[in-house]
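Taking it in order: structure first as structure tokens, then the write-up.
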Amino acid sequence: MKRFERAVVDTREVRPGDLFVGLRGERTDGGRFAADALAAGAAGVLVAPEHADGLEGGTVITAEDPLAALQDMAREWRRELGAKVIGVTGSTGKTSTKDILTALLAHHRRTHANRQNLNTEIGLPLTILEAPPGTEVMVLEMAMRGEGQIAELVAIAEPDVGVIVNVGPVHLELLGTVERVAAAKAELIRDLAPGAACVVPASEPLLDAHLRDDLETTTFGPGGRVNLLAFDDGRAEIDVGDSTLELELPFSEPYNLLNTLAGVAAALAVGVRPSGRVEPAFSSMRGEIVELGGGVTVVNDCYNANPMSMRAALKHLAETPADRRVAVLGTMAELGADSAAFHHEIGREAAELDVDVLITVGAEAVPYADEFDGESYSTATPEEAGALLSEIALPGDRVLIKGSRSVGLERVLA
């Protein structure tokens with residue numbers, strides 16, 4: 001196949017050597033901007049036939065369904081590269097696991113992974129087509145909101161290893177039950193080729209019915225084949241079944257230690273034995289530490305939220321030394337009919353963990369405060385929460401900012 005530098009779907013991102021793909025959207029058809037892409041230096045365009053007339057200045061590829069053609073191109077490039085492919089999904093922590101796994105592999109193999117959230121039926125093929133020649137391992141995060149979506153990504157990426165980080169109450173608005181969430185995630189297991197490797201948490205019975213005898217399955221976490229024996233002052237001793245290995249880690253959050261175990265299991269599955277210092281480049285707004293003036297520390301973890309990740313973030317906040325602990329919480333979206341109950345549970349959790357101050361953001365987040373018996377405030381917008389925080393924050397405070405992506409809580413720090 002012709003090797004373009006990469007594929008893009010936005011003319012504003014075009015660089016010389018790129019292939020511009022004009023996708024049909026709900027509001028507009030990207031094929032209308034193919035001429036602009038060529039003028040900006042694109043080496044070629046992939047568009048529906050009706051947009052091909054009169055295009056000059058580069059290779060013109062036509063397809064009735066440009067998205068399907070993009071996915072086919074990605075699959076062919078994946079095969080041509082011959083790289084090992086690791087697919088990573090889960091209800092929470094899949095991006096951090098992807099980042100940690102990429103760091104575990106980087107010193108041993110030429111590794112390529114998703115940038116930010118390029119993890120959908122569009123983003124994943126773009127990620128694969130960004131992989132340079134000579135790539136030996138691809139780490140591909142796979143996102144879903146409903147049934148069949150993981151299967152679509154597996155068909156494009158054809159993983160050699162499938163990692164399911166965890167299963168929890170997410171996307172219930174569409175899927176209804178956690179059992180259906182598990183089944184949707186387990187499409188990754190179902191569609192692996194015989195003889196492939198599978199990495200799953202040891203303590204997740206919801207996945208038991210989806211495991212296969214013809215896969216090399218490794219469990220991680222307490223009771224699993226890959227398990228944490230000790231962690232002290234950044235040094236992790238990890239049991240990998242037949243031996244132990246040691247890693248130096250720049251984080252101590254229990255959830256990221258668990259994500260590290262999943263990453264170690266996946267690395268071993270592609271023949272890499274991790275060692276030494278691990279320095280993941282975590283994606284933005286996922287546990288970023290921001291030091292504000294006046295001795296206030298903020299944990300910016302506002303990329304997304306669900307009951308599992310919210311509980312883990314609050315627990316880590318409670319375990320971290322601080323004069324006061326402040327939680328700025330937005331809603332957890334897509335939880336369906338039981339949404340209020342889940343928000344009440346997190347409010348109780350914050351109270352039990354002795355969070356000192358709770359600030360809710362938006363009407364749907366108010367139920368947090370119903371179960372919180374400490375100092376609390378309700379704000380309508382992230383900007384209002386930011387203004388309030390600037391008034392009440394004191395030296396020595398540690399502030400957690402967390403909510404679903406739709407809330408836009410990064411604006412609290414604007």
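Observations
- Whichever residue in the range 380-403 is surrounded by fewer than 16 Cβ atoms within 10 Å (Cβ to Cβ), touching a residue at least 12 places away in the same chain (Cβ under 8 Å) and in a helix (DSSP H, G or I) and, among such residues, is nearest to the chain's Cα centre (by Cα): 383
- Single unsatisfied condition, residue 109 versus (1) surrounded by 23 or more Cβ atoms within 10 Å (Cβ to Cβ); (2) modelled with pLDDT of 95 or more; (3) under 21 Å from residue 249 (Cα atoms): (1)
- Selection from the range 139-156 of residues that are surrounded by 24 or more Cβ atoms within 10 Å (Cβ to Cβ) and either part of a strand (DSSP E or B) or not β-branched (Val, Ile, Thr) (or both): 139, 140, 141, 142, 144, 153
- Those residues of the range 171-227 which are of a type in the set (Gly, Ala, Ser) and in contact with a strand residue (DSSP E or B) (Cβ under 6 Å, 6 or more places away or on another chain), in sequence order: 197, 202, 221
- Test for residue 290: is it closer than 20 Å to residue 376 by Cα, more than 14 Å from the chain's Cα centre (by Cα) and not in a loop (DSSP other than H, G, I, E, B): no
- Exactly one residue out of 266, 262, 305, 322 is assigned by TED's automatic domain parsing to the domain that holds residue 407 and either over 21 Å from the mean Cα position of the chain (by Cα) or within 24 Å of residue 161 (Cα to Cα) (or both): that is 322.
- Some residue of the range 295-310 being β-branched (Val, Ile, Thr), within 23 Å of residue 250 (Cα to Cα) and part of a loop (DSSP other than H, G, I, E, B): no
- Checked against the criterion of being closer than 20 Å to residue 408 by Cβ, assigned to a strand (DSSP E or B) and of a type in the set (Phe, Trp, Tyr), the range 365-379 has at least one qualifying residue.
- The residue list 34, 74, 43, 48 contains one member that is assigned by TED's automatic domain parsing to the domain that holds residue 121, out of contact with any Cys (no Cβ under 7 Å at 6 or more places or on another chain) and surrounded by 18 or more Cβ atoms within 10 Å (Cβ to Cβ), which is 74.
- Tally, over the range 125-138, of residues that are in a helix (DSSP H, G or I) and in contact with a His (Cβ under 9 Å, 6 or more places away or on another chain): 3
The values are calculated or read from the model by the stated rules, or taken from the named source; none is laboratory data. Here the structure is a predicted model, which means the values were calculated and not measured. Cβ sites come from the backbone with ideal geometry, for glycine too, and all protein chains shown count toward neighbours.
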